[in-house]
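Enquirer: Handing you this structure, nothing more for now.
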Amino acid sequence: MPEPTVLASDYFQSYSVVGLLAVVGALFVAVAFGAGRLLRPVVPTPEKLLTYECGVDPVGEGWAHTQVRYYVYAFLYVIFAVDSIFLFPWATVFAAPGYGATTLVEMFIFLGFLAVGLLYAWKKGVLEWT
């Protein structure tokens, strides 16, 4: 039995639906922003033109020193969030027949890389909050 041929029009029809959805979404955002611009009151005052900093009048320079440890904690969170995202699909494949030992070894290798990264961060003192 010969293989069924796939016409180019059938192939691109699914992409046209995605493209149409993207255009409708962009139009929805444009209409919402346009309506907001037309409906909002515009009353500029000197107070409204000041930089807002949590109710405190801005004094001094705009530059502030931020410690790097906040970014490191955020980066470590992202790493372990990605790890948890990979664990759920792995659990479904691990349960499938014929994939048990292979996926188990792959997951231990993956967790090993994460453990090495966590040990490196711990040895560098990144996890110390002092």
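Enquirer: Can you find even one residue in the range 50-64 that is under 30 Å from Ala121 (Cα atoms), at pLDDT below 75 and open to solvent by 70 Å² or more (accessible area, probe 1.4 Å)? Before you say what the answer is, go through the steps one by one.
Expert: Of the range 50-64, the ones under 30 Å from Ala121 (Cα atoms) are 63-64.
If we keep only those that are at pLDDT below 75 too, we end up with 63-64.
Restricting the remaining residues to those that are open to solvent by 70 Å² or more (accessible area, probe 1.4 Å) gives 63-64.
Yes: one or more hits.
Enquirer: Among the listed residues Phe80, Phe108, identify the single one that is at pLDDT 85 or above and within 30 Å of Val126 (Cβ to Cβ).
Expert: On the way: Phe80 fails: at pLDDT 85 or above.
Result of the check over Phe80, Phe108: Phe108.
Enquirer: Okay, next question. Of all residues in the range 80-130, count the ones that are open to solvent by 100 Å² or more (accessible area, probe 1.4 Å) and touching a residue at least 40 places away in the same chain (Cβ under 8 Å).
Expert: Here the count works out to 1.
Enquirer: For Phe12, work out the one condition from (1) at pLDDT 75 or above; (2) among the hydrophobic types (A, V, I, L, M, F, W, C); (3) in a helix (DSSP H, G or I) it doesn't fulfil.
Expert: (1)
Enquirer: Check Phe94 against each of (1) touching a helix residue (DSSP H, G or I) at 6+ places or on another chain (Cβ under 7 Å); (2) over 26 Å from Leu127 (Cβ atoms); (3) modelled with pLDDT of 80 or more and name the one condition it does not meet.
Expert: If we test Phe94 against (1) touching a helix residue (DSSP H, G or I) at 6+ places or on another chain (Cβ under 7 Å); (2) over 26 Å from Leu127 (Cβ atoms); (3) modelled with pLDDT of 80 or more, just (3) comes out false.
The values are calculated or read from the model by the stated rules, or taken from the named source; none is laboratory data. None of the values given here were measured: they were computed from a predicted structure. Don't worry about glycine lacking a Cβ; one is built from the backbone with ideal geometry, like all the others, and counts go over all protein chains shown. Quick note on the areas: whole protein, heavy atoms, side chains included, nothing else; ligands and nucleic acids left out. Shrake-Rupley method; radii C 1.70, N 1.55, O 1.52, S 1.80 Å.
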